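The block underneath contains the structure these notes are about, expressed in C-alpha cells.
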Amino acid sequence: MAHAVKGSGSRGEGDPVRVFVLSSPGELARAAAGRLWGIAKEMPEGRTVHIALSGGETPRRAYGTLAADPYRARFPWGRVRFWQVDERFVPPGDPRSNRRMIEETLLSRAPVPEEGFRGVDTALPGPDEAAREYEAVLRRAFPDAPGGIPRFDAVVLGVGKDGHTASLFPGSGALSSARELVGTSTGGDPPVSRVTMTLSLLNAASRIVFLVQGGGKARVLHDVIAAARDPALRSPALPASLVAPRRGSALFLADAEAARLLPPEWRTAG
Ligand code: 6PG
C-alpha cells in the first residue's frame, strides 16, 4: 500500500506531495478511475460532488476506464456533476473538442444524468463570450462559494511537455488573471483559441489529480514535483508548478515511464 510522501509543498510545512507510480498506462487509468470513485463515494449522501475534467489523451483513457466496469457499476453517477477544466474553441462535435472526447468516453457510456455535465459552449460567437458565459454558469452553480470562488471536490489535470496544464500555457495571460475564474488562451496542440479555468479557480479545489503518462513527460514531471516540494521553483514558465491548492491536496498519478527521473524518496510504487 503506498503512503503519502512528506514534502515542503506550498500547502504548508509537512503537507504531503503524493506521488503514486503505476506500472503501466492501463494501471494509471485504473488508479485514476479508482481515485475518482473513492472521492465520490466518500462524500456525504445527498451532497452533489463536483468534478472538473481536462482534455488530453491521458485523461481520456481514465474516463473510458471509469465508464467501464467495475467502476461503472459502483460510481454514484446520480450525484456527481462533471465540468470542463478547459476547451479548445472549436465547433461542437469537432474532433479536437474536449467536450466531444468526454461525451465519447464517459457521457455516452455511463448513466450520467442530463444535468450531470456542464461544459464550455463553443457555439457562442467567440472564446471571450464562451469564457464569460461559463464563468457565469459556475458562479450560479456555486452561489455560496467562499469568496465567490467555487471549490471543486476534484479536478483532473494533465501536464504537457512544455509544462502547461489545463489550457494555461507558459507565459499565458490567463496565468495572471487574479479575479477571473475562467479565461482564454491560445496555444498547445492543436494551436487554437482555448477557454480555461484559471489558477484562482484551480487552486480553490479540494483535490487536484494530475495524470501524467509516458517517457516524454519525465523531465517536466520531475520539475513540477520539485516545485511542489519547493515553492521557490514554481514559475509561470512551468504553469503546472503554479497549481497548488490553497486548502487542498495535489496527487500525482504517473506511469513508470513518466516517473523515471523521480528520486526514490519522491515516489511510492503503485
Ligand atoms: C487539452 C488538455 C491539456 C492536456 C495536456 C496533457 O485540452 O489538451 O486539457 O491540458 O491535459 O496537454 O495531455 P496528454 O495527456 O494527451 O499529454
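Quick look at the numbers
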| read-out | value |
| --- | --- |
| Share antiparallel - DSSP beta bridges, the stretch 77-209, percent rounded to 5 | 70 percent |
| Cβ-based exposure ranking for Thr165, Thr122, in which fewest neighbours within 10 Å come first | Thr122, Thr165 |
| Karplus (6.51, -1.76, 1.60) ³J(HN,Hα), θ = phi - 60°, over the stretch 250-265, in Hz, Gly and Pro reported as x | 10, 10, 9, 10, 9, 7, 4, 5, 5, 8, 5, 9, 7, x, x, 6 |
| The chain: Rg to Rh, with Rh as the Kirkwood radius over Cα pairs | 0.93 |
| Label zone at Lys41 (point 7 Å along Cα-to-Cβ), backbone N below 17 Å, the stretch 47-73 | 47, 49, 65-73 |
| Normalised alpha carbon radius of gyration of the stretch 31-96 [divisor 2.2 N^0.38 Å] | 1.21 |
| Test item: Cα-centred dipole of the stretch 19-264, Lys/Arg +1 and Asp/Glu -1 on Cβ, debye | 520 debye |
| The stretch 46-65 and the stretch 114-135: distance between their alpha carbon centers, rounded to Å | 18 Å |
| Label point 7 Å beyond Cα of Arg247 along Cβ direction - residues of the stretch 188-208 with amide nitrogen under 12 Å | 204-206 |
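FYI, it's all coordinate maths here, none of it is from the lab. Fair warning: this is a prediction, and the values are worked out from it, not measured in the lab. No Cβ is skipped: glycine too gets one built from the backbone with ideal geometry, and neighbour counts run over all protein chains shown.
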